[in-house]
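A.B. asks: Structure below; questions to follow.
The values are calculated or read from the model by the stated rules, or taken from the named source; none is laboratory data. This structure is a prediction, so every number in the text was calculated from the model and none was measured. Here the Cβ positions follow ideal geometry from the backbone for every residue, glycine too, while neighbour counts run over all protein chains shown. To get the accessible areas, we keep the full protein, side chains included, count just its heavy atoms, and leave off ligands, DNA and RNA. Shrake-Rupley method; radii C 1.70, N 1.55, O 1.52, S 1.80 Å.
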Amino acid sequence: MGSHRACMPRIVAVIGYPEAELLDIACLTTTFDYANRGADPPYELVVASPLGRPITCQSGLTLDAQAALERLRGPLDTVIVSGGAGHLTAAGDSRLVAHVRRLARESRRIASVCTGASVLAAAGLLDGRRATTHWMYADQLSASHPAVRVDPRPLWIRDGAVTTAAGVTSALDLALAFVEEDHGAELARHVARALVTYLQRPANQAQVSMFLAAPVPEDPLVHDLVRAIRAAPGADLSLAALAARAAVSERHLTRLFVAQVGQSPARFVRTVRTEAAAHLLVSSRLPLAVIAGRCGFGSVDALRQAVVDQYGISPSGYRAAYRSARSRPPASSAGHRSGRGQDQETEPQRDVQQYAELGQ
């Protein structure tokens, strides 16, 4: 990989192809464009395509390219390959793949968004590396490229000079992470606020929340239990308690959950509790012991193990990753805290309830 020359614009090349995902490209280019209001050196953006042809995106909209991939030359700062419905055709295009491989040698860093990982894998750039892609295509990538250690869970993974991001809007997280790396956290925060988006999510945050991934149970008994679990993760949610509430045997309840939710009651409860705890970690300053209790974990150690298992990072590390991307509250707000002791106790509990409502 070539080294970046100080004081020169950081050239960022986004590679598109027929049936690329427009949102992949737009998330990247818009983030870097907004960053240019405070970036020094600035980013110089170029969208490249095979032969410089217009990119007919998978939505049917057409995007003009600014450069022909074949004529693009380094040194470049960053090369990012977009994903999209045409990713397998792009990965099977030997000329396109060869030019991506060449540009990797002529750039400081190379990355992919979504299924763009297929192109990097075809170029051999992911061999022996840990990488991610859109969760729906992780198995496909792993089967096609066994030398790649595919992990479908994180939003993005950096392995040396190669970074792979998950599906679609994770391009925002990737671009904000690059802005922070290049110009510092303060500019990244300004860009995130200008984009009216949540500040950078940790790279190891799961791509898909359980509340979005879990199917809606059709069985009214299971549906009611799922709502109850989400609404009160700190309650007694043992298999015996849930079965008694539903007036069925434990074995029958387990069969119903597996059929309706795709997992056992115990696993579902643990996932709900872990996501509720993760929400409290970033929305409150409650100590871990209090969070553990409110979310139904018997101890801080149990909470820690659950968070590590689900997110690959400790609760403290998860909280710190979010805090590093959040601006400090204004000093004037300190004077309003003395009379809010009760609110500080009840707001996090309301957060759990509001979070639970996302899945209803």
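A.B. asks: If you take the residues in region 47-65 that are of a type in the set (S, T, N, Q) and within 21 Å of residue 97 (Cβ to Cβ), which one is least open to solvent (accessible area, probe 1.4 Å)? Don't jump to the end; show me each part of the working.
C.D. replies: The first filter runs over region 47-65 and keeps only residues of a type in the set (S, T, N, Q), leaving 49, 56, 58-59, 62.
Among the residues that remain, those that are also within 21 Å of residue 97 (Cβ to Cβ) are: 49, 56, 58.
Working: 49: 2, 56: 70, 58: 91 Å².
Only one residue tops the list, namely 49.
A.B. asks: Counting only residues that are hydrophobic (A, V, I, L, M, F, W, C) and either modelled with pLDDT of 90 or more or more than 30 Å from residue 111 (Cα to Cα) (or both), give me the helices (runs of 4 or more DSSP H) lying completely in region 188-299 with at least 3 of them.
C.D. replies: 220-231, 239-246, 250-260, 265-283, 288-294
A.B. asks: While we're looking at this one, here's another question. Report whether or not residue 176 is outside any strand (DSSP E or B) and either open to solvent by 10 Å² or more (accessible area, probe 1.4 Å) or closer than 15 Å to residue 123 by Cα (or both).
C.D. replies: Judged against the criteria, residue 176 is not a match.
A.B. asks: In addition: For region 94-130, name all the residues that are touching a strand residue (DSSP E or B) at 6+ places or on another chain (Cβ under 9 Å), more than 20 Å from residue 156 (Cα to Cα) and not in a loop (DSSP other than H, G, I, E, B).
C.D. replies: Selection gives 96, 99, 103.
A.B. asks: Another question, then. In region 15-37, how many residues are surrounded by 16 or more Cβ atoms within 10 Å (Cβ to Cβ) and not in a helix (DSSP H, G or I)?
C.D. replies: The number of residues fulfilling the criteria is 8.
A.B. asks: Considering each of 124, 84, 116 in turn, give the residue that is in contact (Cβ under 8 Å) with a residue 12 or more places away in the chain, surrounded by 23 or more Cβ atoms within 10 Å (Cβ to Cβ) and at positive phi.
C.D. replies: Numbers: 124 fails: surrounded by 23 or more Cβ atoms within 10 Å (Cβ to Cβ); 116 fails: at positive phi.
84 is the lone residue from the list that is in contact (Cβ under 8 Å) with a residue 12 or more places away in the chain, surrounded by 23 or more Cβ atoms within 10 Å (Cβ to Cβ) and at positive phi.
A.B. asks: If the requirement is being of a type outside the set (Asp, Glu), touching a Cys at 6+ places or on another chain (Cβ under 9 Å) and either modelled with pLDDT of 95 or more or closer than 20 Å to residue 123 by Cα (or both), which of these qualifies: 28, 69, 22? Outline the logic, then answer.
C.D. replies: On the way: 28 fails: touching a Cys at 6+ places or on another chain (Cβ under 9 Å); 69 fails: touching a Cys at 6+ places or on another chain (Cβ under 9 Å).
Answer to the selection: 22.
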